[in-house]
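Take a look at the structure set out below.
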Amino acid sequence: QVFDALGDYLFQFGNTGTGLGELDGPAGVALSDTGDVYVTDYDGDRVKVLDSLGNYLFQLGSSGNGVGELDWPWGIAVNGRHIYVSEFRNDRVSIWRVVPEPSSLLLAGVGLLTIIGRRTRHHHARG
């Protein structure tokens, strides 16, 4: 849901599901410098990227534990050059590098710059 500075309801976005603009377990939300909304979708094992009005732009990741894959992405932070995603089941933080283009946003290679963290037996990474 989106509210104005006074706390009044404006609109909401996102529908339940697994389609491009749908969310199947939203957990973390972050805003980019350009106003795009990054949402971790833990049941979908993806990060959905929407514009400020909730229109689908693109997504990051797919299910798994390899490079470019996510397993229960939970927390997220965006700092302009990098996207940091904590993964609950992979016990790691994935770091994606943002490569700006004149009229769009592309991800370098498969997007994954590096993976920080190691598997632990009793602790899980959360945002």
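The values are calculated or read from the model by the stated rules, or taken from the named source; none is laboratory data. Everything quoted here is computed from the prediction, not taken from an experiment. A quick note on method: Cβ atoms are made from the backbone with ideal geometry, for glycine too, and the neighbour counts reach across all protein chains shown. Remember, those area values only see protein heavy atoms, side chains included, never the ligands or the DNA or RNA. Shrake-Rupley method; radii C 1.70, N 1.55, O 1.52, S 1.80 Å.
Quick one: in region 12-57, which of the residues that are on the phi > 0 side of the Ramachandran plot and either part of a strand (DSSP E or B) or surrounded by 14 or more Cβ atoms within 10 Å (Cβ to Cβ) (or both) is modelled with the lowest pLDDT?
Of the residues in region 12-57, the ones on the phi > 0 side of the Ramachandran plot are 14, 17, 25, 35, 45, 54.
Then drop every residue that is not either part of a strand (DSSP E or B) or surrounded by 14 or more Cβ atoms within 10 Å (Cβ to Cβ) (or both), which leaves 14, 25, 45, 54.
Numbers: G14: 79, G25: 90, D45: 93, G54: 88.
Checked region 12-57; the qualifying residue modelled with the lowest pLDDT is G14.
Could you tell me which residue of region 62-93 is least open to solvent (accessible area, probe 1.4 Å), considering only residues that are part of a strand (DSSP E or B) and of a type in the set (S, T, N, Q)?
Once the filter is applied, the top-ranked residue is S86.
Select from region 57-88 the residues that are closer than 16 Å to D33 by Cα and of a type in the set (D, E, K, R) and list them in ascending order.
Once the filter is applied, which keeps residues that are closer than 16 Å to D33 by Cα and of a type in the set (D, E, K, R), region 57-88 yields only R81.
Conditions: (1) assigned to a strand (DSSP E or B); (2) of a type outside the set (F, W, Y); (3) at pLDDT below 85; (4) closer than 25 Å to Q1 by Cβ. L106 meets all but one. Number of the miss?
Unmet condition: (4).
For region 1-14, which residues satisfy the criterion of being more than 17 Å from D45 (Cβ to Cβ) and under 16 Å from the mean Cα position of the chain (by Cα)?
F13
How many residues are on the phi < 0 side of the Ramachandran plot and over 10 Å from the mean Cα position of the chain (by Cα) when one looks only at region 71-94?
Of region 71-94, the ones on the phi < 0 side of the Ramachandran plot are 71, 73-79, 81-90, 92-94.
Filter again for over 10 Å from the mean Cα position of the chain (by Cα), leaving 71, 79, 81-82, 87-90, 92-94.
Residues that pass the stated criteria total 11.
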